[in-house]
Amino acid sequence: MSESNCILDTRALTMDFGGLRAVDAMNLKVCEGEIVALIGPNGAGKTTFFNCVTGMLKPSLGTIVITMPDGQEKEIQGKRPNVVTNYGLARTFQNIRLFQNLTVLENVMIGRHTRMKAGILGAVLRNKATKEEEERVIYESYEYLKKLHLEQHVNELAKNLPYGAQRRLEIARAMATEPFLLLLDEPAAGMNPQETRELDNLIVKIRDTEKITILLIEHDMNLVMSLSERIYVMDYGKLIAQGTPEEIKHHPEVIKAYLGEEVDA
Amino acid sequence: MSNVSTEIKPTSFLSFKELKKSLFTAVWFMILTLPIMVIKVNTIENTVEWHWNRMVFVGLLIFFGSWGWRYLLARREMGPRPRKAESERKRFNLTAILMERKQVRTPTIIILAVMVIVFPFISSMYQTNIMITALNYIILGLGLNIVIGLGGMLHLGYIAFYAVGAYSYALLNYHFGVSFWLALPIGAGLSAIFGILLAIPVLRLRGDYLAIVTLGFGEIVRIILENWNDFSFGPSGIANIPRPGLFGIDFSLPQVTTFIYFIMIGLVVFTIFLMIRLENSRLGRAWVAMREDEVASRAMGIDIRKNKLTAFSLGAVWAGMAGVVFASKTTFINPASFTIWESVMVLSIVVLGGMGSIIGIIIAALIMILLPEYLRAFSEFRMLLFGFLLVAMMVFRPGGLVPAKRKVYTFPQEEAGNE
Ligand SMILES: Nc1ncnc2c1ncn2[C@@H]1O[C@H](COP(=O)(O)OP(=O)(O)O)[C@@H](O)[C@H]1O
Ligand SMILES: [Mg+2]
C-alpha cells in the first residue's frame, strides 16, 4: 500500500459520547482499488467510525482526509452527510434503512439525487432538460438494479422484498450516488450462506468492474478472510491490529479480543 | 393473537361470549354517561329529573356499536388475505382503468369537465358558494399535503399562511387599492416568505416537537392579528374587500359568485397539475425520501435543510392563494376565521383522503365540506362525527380513502418477460 493513492485517511479520529470514548484515535487508510475490512467485537465502535466518516456524526477530535478521483484532497470531518455523499463517499446501514414505502426503482432513483440538477422550476415547467434527465435517471437506476440482480423486483415496494434483496438494494442505492469509496456496514448480516457467497462475488465485481474502493464492516469471518486484502481490528474504540488476513488470523491481540468476547457471551 | 383471530368466524359473533362483552361495554357506558345524559337539574323548579329512557338509548347504541365494531375488526384481522387482496386490486383497477387507459380516460375527463362547467348554472348561488368553499379546502389540502403527505412533517399551523394570504389582499387593497389579480401572486409570495420564516427555527425538530411549534406559530399569527389594532384592525376585521373583477365588467352578485367558482376551478386544476408534476420529480422524491427515513435520505445526498425549506414555503404558497380567494369571496375577514380548528380541518382532509394521495384529498375535501352542509340536522354532532370518522379510518383504512400509489415504471425487458 503506497502513500500516493490513499483515498481515505483518518488521523487520530476520536468520538466521545459523554464519558464514553466510542472511537479512540483511529488511524485508518484505504487505498484506491482495495477491499478493506474493519472488524471487532460488538460495541467496538465500528459503526460509530463509519458515522464519523460519512458525516452522520461530528467527530470530537481528529481529521479525515479524502483524495477525490481528480487528485483533490479534502478534509471532511464535521461536514454534513449530503456534502460527503456529494464528494463521493456512500454507505449502507447495519440496520437496513430503505425507503420502505417506495418502490425498488424509486429507492435507487433517490440515490441519483446528488447527480441530478432539476430544481423547483425544472419540476414545475418540466422542460426538455428535466425530461431528459428524468428519463436518463430511470434508465440508469434500472441498470444499477440489474447489476445487483434486483430487476425482477423493480416496481415492488422496498418493504416487501426478502431480507437478502433488501441488503442488496441498499448497496444498489449507495452505488447510484456514484461513489469512489463505498462503506458497507455488515452487508451479510442476516443472510444465509448461499446469499453470503453471492454477496462475496458481487462485492468483488463492484470493485473490479465499477472501480469502487470498498471498506466494509463484517462479522462473517469467512467472508472477511476471503474478500479483504487488508483488515483493521478494533476493540473498545481502539485500533488493536492491522494487516493481511493471514497476519490477523494469528495476531495474539485479535485472538484475545475475540476469545474474550466468546467468554463473555 | 394470530390463532385467536383464525378461530373467530363471523358466525361466532352471535356467541354468548361476544354478546357478553358488548353487554359489559354497554353497561359501563350507561354508568359513565349517567351524570350527563340521565340526571338533569331543573333550575326553575329546583328539582332533579331522571331521564331513564336516555340511558336505554345509550345502552342500545353502545351495545350494537361495540358489537359491530369488534365484528368489523375481527373480519379485518382474519379476512382471507389473498382473496381480499384480489378484490382490492379489482376495486383499484376501476380507478386505474378510468385514469390510465386512454379510451376511457378522455371521456371520463370530458364528462367530469362538463359537470364542473355546468354546475354553477344549474344550482343555486347558495350551492355554488358551498362548492367554492369546498374547492378552497381542496387547495388547502393539496398544499398541506406537500408538508405532511410528502414531507412527513406534522404541521399544525398551516392556517396561518391562509391568514397571511387573506390579510395581504385585504390590507393591500385597503391601503393601496391593489386588485385581486395582483394580490393573488403577492399573497402567495408573502405566504412563501412566512413559510421560510417558520421553517428556519423548526429545521431541527421532528414529530411531536414540530407539531407543537407549528401549532404555536399558527396561534401567534392569529393572536397578532387579533391584537395589533393599528395593523390588522383587531377582532373587528376588515370589511368591504372587493370581489374579483374582470376588465371592469359590472357583475351582479350571482354572476360574480359564478366567476369566483371558475377562478377556483382554474386554481384547483392548476394545483393538481403542479402536484402531479412535483410528485414524480427529483424534488418530490426527495420530500418523500425525507418522510420515509431522514437519516438515509441525508446519506443519499439530500440536503435536509433545503428540503424542509422548500416543502414549507411551497406548501404555504397554496394556502396564500386560497386565502386571497377566501377574502375576496367573503368580502370580510377577521381573525376568527383562522383558528386552530381550521388547521385541524385541513389536516383531517389530508389524513382522511390519504397522505400523498391527490384524488383522495379531493374526495375528502368534498366530503368534509359538502356533507355537513347538506346534513344540517347533524350540525351539532359535526365534530363528534368527524372524530368518529377519523378513528374509524385509522383503524380500518389507515392509508386513507384512496391510499397513495407509487408510480409504476415499465421497461422493455420486463414487458417481454410478462408476455
Ligand atoms: N449515538 C450514540 N450515543 C451514545 N452512545 C453511542 C451512540 N452510538 C453508539 N454508542 C455507543 O458507542 C459504542 C460503539 O457502538 P458501535 O459503533 O455501534 O459499535 P459496533 O458497530 O462496533 O458494534 C457502544 O458502546 C454504543 O453503545
Ligand atoms: Mg455496528
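Below is a table of values for the structure above.
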{"read-out": "Estimated FRET transfer efficiency when R0 is 30 angstrom, pair A:V65-A:H219 (beta carbons, to 0.05)", "value": "0.60"}
{"read-out": "Spherically averaged projected area in nm², based on the convex hull that wraps the Cα atoms of chain B", "value": "29.0 nm²"}
{"read-out": "Förster-model FRET efficiency, 35 Å R0, A:E210 and B:Y209, C-beta, rounded to 0.05", "value": "0.25"}
{"read-out": "Distance between modelled label sites at B:T339 and B:I359, nm, 7 Å Cα→Cβ extension", "value": "3.6 nm"}
{"read-out": "Prolate/oblate/rounded call for region B:103-261, Cα gyration tensor, a/c under 1.5 rounded", "value": "oblate"}
{"read-out": "P(r) histogram, all alpha-carbon pairs of region A:99-176 included - 5 Å bins from 0, percent", "value": "3, 18, 27, 21, 14, 10, 5, 1"}
{"read-out": "Phi-based couplings in Hz for region B:338-347 (Karplus 6.51, -1.76, 1.60; Gly and Pro marked x)", "value": "10, 7, 3, 5, 5, 4, 5, 4, 5, 4"}
{"read-out": "Computed lengthening from A:H149 to A:Y236, 0.36 nm per intervening residue step minus Cα-Cα distance", "value": "27.6 nm"}
{"read-out": "Whole-Hz couplings from phi, Karplus 6.51/-1.76/1.60, listed for region A:131-145; x for Gly and Pro", "value": "4, 5, 4, 4, 5, 4, 5, 4, 5, 4, 4, 4, 4, 4, 4"}
{"read-out": "Extent along principal axes [Cα atoms of region B:143-220; Å; largest to smallest]", "value": "42, 24, 17"}
{"read-out": "Sorted largest first, extent of chain A alpha carbons per principal axis (Å)", "value": "62, 40, 37"}
{"read-out": "For region A:142-165 versus region A:210-252, the gap between their alpha-carbon centres in whole angstrom", "value": "29 Å"}
{"read-out": "Per-residue HN-Hα couplings for region B:46-53 [Karplus 6.51, -1.76, 1.60; θ = phi - 60°; Hz; x = Gly/Pro]", "value": "6, 10, 9, 9, 10, 9, 5, 4"}
{"read-out": "Over 29 Å (Cα to Cα) - which of B:K306/B:K329; A:K79/A:K128; A:K74/A:K117 fall in this group", "value": "B:K306/B:K329; A:K79/A:K128"}
{"read-out": "Approximate spin-label separation B:F396-B:F270, in nm, with each point projected 7 Å along Cα-to-Cβ", "value": "3.9 nm"}
{"read-out": "Kirkwood Rh (inverse of mean 1/r, distinct Cα pairs), the protein assembly as shown, angstrom", "value": "29.2 Å"}
{"read-out": "Charge dipole (debye, nearest 20) of chain B; +1 at Cβ of Lys and Arg, -1 at Cβ of Asp and Glu", "value": "1220 debye"}
{"read-out": "Rounded if a/c under 1.5, otherwise prolate or oblate - region A:71-224, Cα gyration tensor axes", "value": "oblate"}
{"read-out": "Residues A:D16, B:D303, A:D208, A:D235, sorted so that the one with the fewest Cβ neighbours within 10 Å comes first", "value": "A:D208, A:D16, B:D303, A:D235"}
{"read-out": "Inter-chain shielding of A:142-148 (mean C-beta neighbours from other protein chains, 10 Å cut-off)", "value": "1"}
{"read-out": "Region B:10-77, relative contact order in percent, only Cα pairs under 8 angstrom and at least six apart counted", "value": "38 percent"}
{"read-out": "Rh (Kirkwood; distinct C-alpha pairs) - region B:256-353, Å", "value": "15.8 Å"}
{"read-out": "log10 of Debye I(q)/I(0), alpha-carbon scatterers only, for region A:1-59 at 0.25, 0.26 Å⁻¹", "value": "-1.10, -1.16"}
{"read-out": "Radius ratio Rg over Rh of region A:1-115, counting only Cα atoms, Kirkwood formula for Rh", "value": "0.98"}
{"read-out": "Ranked A:H250, B:H51, A:H113, criterion: other C-beta atoms within 10 Å, fewest first", "value": "A:H250, B:H51, A:H113"}
{"read-out": "Least to most buried among A:V36, A:V104, A:V83 (fewest other Cβ within 10 Å first)", "value": "A:V83, A:V36, A:V104"}
{"read-out": "Binned Cα-Cα distances of region A:56-145, short to long, each 10 Å bin given as a whole percent", "value": "14, 34, 33, 18, 2"}
{"read-out": "Cα centroid separation, region B:55-77 to region A:84-127 (Å)", "value": "47 Å"}
{"read-out": "Peptide B:270-283 - average C-beta neighbours from other chains (10 Å radius)", "value": "4"}
{"read-out": "For region B:178-307: Kirkwood Rh in Å [reciprocal of mean 1/r, alpha carbons]", "value": "18.5 Å"}
{"read-out": "Residue-averaged 222 nm ellipticity for the protein assembly as shown, from DSSP H runs of 4+ at -39500 (n - 2.57), nearest 500", "value": "-19500 deg cm²/dmol"}
{"read-out": "Estimated D of region A:142-216 in µm² per second, where Rh is the Kirkwood radius over Cα pairs and Stokes-Einstein applies at 4 °C, 1.567 mPa s", "value": "103 µm²/s"}
{"read-out": "Estimated D of region A:162-265 in µm² per second, where Rh is the Kirkwood radius over Cα pairs and Stokes-Einstein applies at 10 °C, 1.306 mPa s", "value": "107 µm²/s"}
{"read-out": "For residues of A:110-117, the mean tally of beta carbons on other chains within 10 Å", "value": "5"}
{"read-out": "Spread of Cα-to-Cα distances over 5 Å intervals beginning at zero, given as percent, for region B:10-77", "value": "4, 17, 20, 18, 12, 10, 7, 5, 4, 2, 1"}
{"read-out": "Projected label distance in nm at B:S179 and B:S124, using a 7 Å step from Cα toward the beta-carbon", "value": "3.3 nm"}
{"read-out": "Estimated FRET transfer efficiency when R0 is 56 angstrom, pair A:N192-B:D230 (beta carbons, to 0.05)", "value": "0.15"}
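No value in this document is a laboratory result; all are computed from the given coordinates. Remember, predicted model here, so these are calculated numbers, not experimental data. Here the Cβ is made from the backbone with ideal geometry for all residues, glycine too, and neighbour counts use every protein chain on show.
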